[in-house]
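Here's a structure for you.
Every number in this text was worked out from the coordinates using simple rules, so none of it is lab data. What you see is a predicted model; the values in this text were computed from it and never measured. Positions of Cβ are generated from backbone atoms using ideal geometry, with glycine treated the same way; all protein chains shown enter the neighbour counts.
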Amino acid sequence: MNTILEQCLSLIDLGQLEKEIKTNPTTMFEEKDIEAIKNGELDVIIYVAKLYAFGSEVITPNPKLALEICRLCIDAGYTDGYGLLADFYEKGLEVEKDYRLSLMTLLEGAKKGSPYCMVKLANRNQKHRICFDGKSINDEEEEFQWLYSAAELGYAPSYIPLGLRYQCGSGTEQSKDKAEFWFDKAKEAGIETSMDYLIHLWQET
């Protein structure tokens with residue numbers, strides 16, 4: 001195991017996490033995740049950082065520790081970690097609140113190939129597009145392209161927002177057929193709300 005991962009694991013209290021699993025019925029963790037953490041599986045470790053960031057019924061929030069673990073995950077090559085780092089800037093956790101830096105962080109993760117960051121960037125950029133003295137990180141067309149890139153990578157959470165862009169003609173040409181295609185893909189992926197979007201689309205047409 002490399003030095004970065006060893007440093008990361010040294011920050012995690014496994015005993016505390018075991019207590020979280022045993023006593024918090026709403027926790028996202030399972031017993032198997034303890035072994036995954038010991039094995040240095042970054043997709044699980046990043047959720048430990050999120051747990052420390054916001055706390056739970058068992059664990060007191062520790063944003064400083066969470067931020068350190070998050071940055072170590074990124075240094076170890078986990079590009080989805082940029083998504084959590086962006087949340088620190090979005091909410092002002094342990095760092096100064098900075099919406100623009102939050103978007104720039106997501107953009108960095110997206111450029112490094114994280115579909116999670118691609119979708120989050122498109123959604124968050126849409127929310128904050130007009131907040132920066134008339135300047136934007138991405139326009140509607142670029143938001144659409146990030147959603148499309150994530151969908152091409154098979155990232156299911158991109159399907160419905162991409163379908164909505166086609167349905168409304170936001171950042172691309174309006175196409176009810178393409179909207180239906182992506183809503184259908186969401187249905188195939190087991191996304192429960194997909195039928196609501198399909199029904200609404202059928203009512204429009």
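Could you give the length gained by full extension between Q174 and I21, i.e. 0.36 nm per residue of separation minus their alpha carbon distance, to one decimal place?
Extra length available between Q174 and I21 comes to 50.4 nm.
How many angstrom lie between the C-alpha centres of region 74-127 and region 1-48?
22 Å
Evaluate the relative contact order of region 1-136 (contact order divided by residue number), counting alpha-carbon pairs under 8 angstrom at least 6 apart; express in whole percent.
Result for region 1-136 is 16 percent.
Let me know the charge dipole size of the chain about its Cα centre in debye, to the nearest 20, where only the beta-carbon of Lys, Arg (+1) and Asp, Glu (-1) is charged.
About 340 debye.
Order the peptides 59-65, 145-151, 119-125 from the highest to the lowest mean number of other Cβ atoms within 10 Å of their residues.
So the peptides 59-65, 145-151, 119-125, ranked by packing, come out 119-125, 145-151, 59-65.
Determine which lysines satisfy two conditions relative to K112: a Cα distance under 20 Å, and not lying fewer than 8 residues away in the same chain.
Result set, ordered by chain and number: K120.
How would you classify region 1-127 from its alpha-carbon gyration tensor, with a ≥ b ≥ c the square roots of the eigenvalues: rounded for a/c under 1.5, else prolate if a/b is greater than b/c, otherwise oblate?
In terms of gyration-tensor shape, prolate.
If each of Y47 and H200 carries a label point 7 Å out from its Cα toward its Cβ, how far apart are those two points in nm?
2.9 nm
Can you bin region 28-102 into rounded, prolate or oblate? Criterion: square roots of the alpha carbon gyration tensor eigenvalues sorted a ≥ b ≥ c, rounded for a/c under 1.5, prolate for a/b above b/c, oblate for the rest.
oblate
Right, next: Excluding E173 itself, calculate the net charge of residues whose Cβ lies under 14 Å from the Cβ of E173, where each Lys or Arg counts +1 and each Asp or Glu counts -1.
0
Further question: Explain nothing, just the number: relative contact order of region 88-199, from Cα pairs under 8 Å at least 6 residues apart, as a whole percent.
16 percent
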